[in-house]
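Down below is the structure, laid out as structure tokens.
The values are calculated or read from the model by the stated rules, or taken from the named source; none is laboratory data. This structure is a prediction, so every number in the text was calculated from the model and none was measured. A quick note on method: Cβ atoms are made from the backbone with ideal geometry, for glycine too, and the neighbour counts reach across all protein chains shown. To get the accessible areas, we keep the full protein, side chains included, count just its heavy atoms, and leave off ligands, DNA and RNA. Shrake-Rupley method; radii C 1.70, N 1.55, O 1.52, S 1.80 Å.
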Amino acid sequence: MLIAGFPAGAWGTNCYLVAPAAGEECVIIDPGHQAAEGVEEALRKHRLKPVAVVLTHGHIDHVASVVPVCGAHGVPAWIHPEDRYMMKDPSMGLGRSVGMPLMGEITVGEPDDVKELTDGAKLELAGLELSVAHAPGHTKGSVTFRMPETAEIPSVFFSGDLLFAGSIGRTDLPGGDMAEMLDSLARVCLPLDDSTVVLSGHGPQTTIGQERATNPYLREVAAGQGDGSQTPPRRGM
């Protein structure tokens, strides 16, 4: 298994390229602000051929490079239908009025081929299996992707802006909802094995076991007392 990740752009959003091995087909997860150059560098370095872009949610820091990346390689982008509107008008996901400037170098819009994600779907892409879980809270259309455990590697969980090392995604932007966030943490994260590797939308990798033991939000949810009022700041754009 090959996972090449790098933080991109003004928000340091993690973009991941996932493949069975070097020299094979790959999936690109969340090519955000100024990620296109890093994507091309990783493709060259590992001799990868992209077959799809998959998106954890529609915020501009996760989708800003979708159009150039999909266009350069003729691949589709997958996104949950409840977040698809933000690809055309990212200002709506930030609480800005339509038409307000948003970092003028960003190319907004949809790529030529957009496919919609559904809860419980299993995507078979590039020789990989990605299980999709709808996880609203940060946005209405937030999803996570999980790859199954094998004899060689533990399960890998791409959490987007649902779960971070030591924190969770913010809920104060349009479409955010703390009650939904807590439900998603309980429903999507808590059932996972402690050995599951968490690769999130921002910050370092962690594991479910580490977060179950130390993340104040996940601990409170596990105890049935979560109300979102913990002191560590929630993150994400």
If the chain between ALA186 and HIS73 were fully stretched, how many nm would it gain, using 0.36 nm times the residue separation less the Cα-Cα distance? 36.9 nm
Cα gyration tensor shape of the chain, rounded if a/c is under 1.5, else prolate or oblate by comparing a/b with b/c: oblate
Rounded to 0.05, the calculated FRET efficiency for the beta carbons of ILE153 and LYS88 at R₀ = 41 Å is 0.65
Rough spin-label spacing in nm, given labels placed 7 Å along Cα→Cβ, for LEU173 and GLN205: 2.5 nm
What FRET efficiency would be calculated for the residue pair ASP194, PHE6, taking the C-beta separation as r and a Förster radius of 41 Å, to the nearest 0.05? 0.95
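Which entries of LYS88/LYS140; LYS49/LYS140; LYS45/LYS122; LYS45/LYS88; LYS49/LYS115 have Cα-Cα distances beyond 25 Å here? All intermediate terms of the calculation are to be shown ahead of the outcome.
Working: LYS88/LYS140 16 Å; LYS49/LYS140 31 Å; LYS45/LYS122 28 Å; LYS45/LYS88 32 Å; LYS49/LYS115 19 Å.
Over 25 Å Cα-Cα: LYS49/LYS140; LYS45/LYS122; LYS45/LYS88.
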Which whole-number percent gives the relative contact order of the chain, counting Cα pairs below 8 Å spaced six or more residues apart? 15 percent
What does the C-alpha gyration tensor say about the overall shape of segment 22-67? Classify as rounded when a/c is under 1.5, otherwise prolate if a/b is larger than b/c, or oblate. oblate
Determine the gain in length on full extension of the stretch HIS46-ALA213; use 0.36 nm per residue of separation and subtract their C-alpha separation, reporting nm with one decimal. 56.6 nm
For the chain, with a Gaussian network of springs between Cα atoms less than 10 Å apart, report the residue from PRO136, PRO81, PRO50 with the top mean-square fluctuation. PRO81
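Ignoring ligands, DNA and RNA, what percent of the accessible area of the chain is carbon or sulfur (1.4 Å)? Intermediate results must be reported in sequence, preceding the final value.
Numbers: 4830 of 9780 Å².
On the chain, the fraction of accessible area on carbon and sulfur atoms equals 49 percent.
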Rounded, prolate or oblate: which one fits segment 162-227, using the alpha carbon gyration tensor with axes a ≥ b ≥ c (rounded when a/c is under 1.5, else prolate when a/b beats b/c, else oblate)? oblate
Within the chain, which is the longest segment containing none of the trypsin sites (Lys or Arg not before Pro) that sit in a DSSP loop and have at most 14 other Cβ atoms within 10 Å? 97-237
